[in-house]
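**Student:** Have a look at this one.
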Amino acid sequence: MADVSRVTKRRTSVDDVFAYLHVQIISLGLLPGDKISEADIAARFGISRQPVRDAFSRLENLDLLLIRPQRATEVKRFSMREIEKSRFVRAAIEMEVLRRACVECDADGAARLDAALGSQLKVVEACDVESFGTLDYDFHKVICEIAKADFAFDVIMTEKTKVDRLCRLALSKEQRLPELLKDHQRIANAITANDADLAVEVGMFHLSRLDATIKLITETNANYFELADF
């Protein structure tokens with residue numbers, strides 16, 4: 001893990017530790033199954049172990065850490081059941097959001113989608129996986145706002161976070177950014193054309209790309225999954 005240069009004064013120690021570890025886990029600086037120590041993290045930040053313990057708890061609630069009494073804390077391995085649950089919830093929410101966006105989209109909404117796609121195109125051309133991940137979240141947030149359902153983004157973000165590590169593993173190995181951008185372009189076109197059925201069809205196809213990702217990772221890194229899945 002990279003050294004921490006300084007702790008942001010505006011936030012609490014818990015916030016800083018949480019943010020640092022969250023990035024490390026999501027960006028695969030820490031891999032599924034990696035062990036981490038309260039004492040090591042506390043020493044790295046120059047703080048007591050209690051804020052670290054609180055940050056660990058927050059990460060556990062996001063299903064990113066596995067904390068067990070008298071055993072080392074480790075980065076949570078993937079669970080097929082949790083992945084399926086996350087996909088089910090997200091699909092249900094996104095179908096309704098896409099339908100609403102198709103009804104509510106006006107010239108301003110179309111312009112916002114176009115701007116979002118322009119930003120994505122630049123990072124795809126630069127093969128910048130990290131920036132694309134950020135812009136991917138922004139794209140879904142824009143759609144929720146167009147749909148006048150900004151509250152739905154919180155749910156989408158929570159469920160999306162749970163599988164983002166899988167997506168990043170696939171992106172780093174397959175460089176699938178162009179096809180993901182193409183999906184986003186088709187979704188945006190359907191929304192601006194007020195075609196709800198097409199928007200939902202493309203949106204669900206976009207989510208189904210995770211099937212190939214899961215197959216790839218189970219074949220190449222089965223140790224990243226819980227043993228009960230095999």
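Where a number appears in this text, it was derived from the coordinates with a stated rule and is not lab data. Note that the coordinates shown come from a computational prediction; the quantities given were computed from them, not determined experimentally. Glycine gets a Cβ as well: all are built from the backbone with ideal geometry, and neighbour counts include every protein chain shown.
**Student:** With 23 Å as the limit, write out which pairs from K35/K162; K141/K182; K162/K215; K160/K182; K85/K160; K35/K215 have Cα-Cα distances beyond it, or answer none.
**Tutor:** Over 23 Å Cα-Cα: K35/K215.
**Student:** Stretch D154-R68 to full length: gain in nm at 0.36 nm per residue minus the Cα-Cα span?
**Tutor:** Stretched out fully, the D154 to R68 stretch lengthens by 28.1 nm.
**Student:** Further question: Expected output is a single nm value to one decimal: the length gained when fully extending between K85 and S131, i.e. 0.36 nm times separation in residues minus the C-alpha distance. What is it?
**Tutor:** 13.9 nm
**Student:** Right, here's the next one. Using Cβ counts within 10 Å as a stand-in for footprinting exposure, how do I156, I67 rank, fewest first?
**Tutor:** In order of increasing Cβ crowding within 10 Å: I67, I156.
**Student:** Considering Cα pairs under 8 angstrom that are at least six residues apart, work out the relative contact order of segment 28-178 and quote it in whole percent.
**Tutor:** Contact order relative to length: 25 percent.
**Student:** Still on this structure, I have one more. For each of I47, I143, count neighbouring Cβ atoms within 10 Å of the residue's Cβ, then give the residues from fewest to most.
**Tutor:** By the 10 Å Cβ count, ascending, the order reads I47, I143.
**Student:** Name the residue from A92, A152, V17 whose Cα lies farthest towards the positive end of the charge dipole of the chain, charges +1 on Cβ of Lys and Arg and -1 on Cβ of Asp and Glu.
**Tutor:** About the Cα centre, the residue reaching furthest to the positive side is V17.
**Student:** Using a basic spin-label model with each label point 7 Å from the Cα along Cα→Cβ, how many nm lie between N61 and A115?
**Tutor:** 3.3 nm
**Student:** Which whole-number percent is the relative contact order of segment 13-75 (Cα, under 8 Å, 6+ apart)?
**Tutor:** 43 percent
**Student:** If I stretch the segment between L216 and K182 completely, what's the gain in nm (0.36 nm per residue apart, minus their alpha carbon distance), one decimal?
**Tutor:** The span from L216 to K182 would gain 10.1 nm if fully extended.
**Student:** Answer with a single label: of (1) 48, 40, 39; (2) 56, 45, 32; (3) 57, 37, 36, which was calculated as Cα extents along the principal axes in Å from the structure in view?
**Tutor:** For Cα extents along the principal axes in Å, the calculated option is (2).
**Student:** Fewest Cβ neighbours within 10 Å first, please rank T161, T73 accordingly.
**Tutor:** Least to most surrounded, the residues fall as T161, T73.
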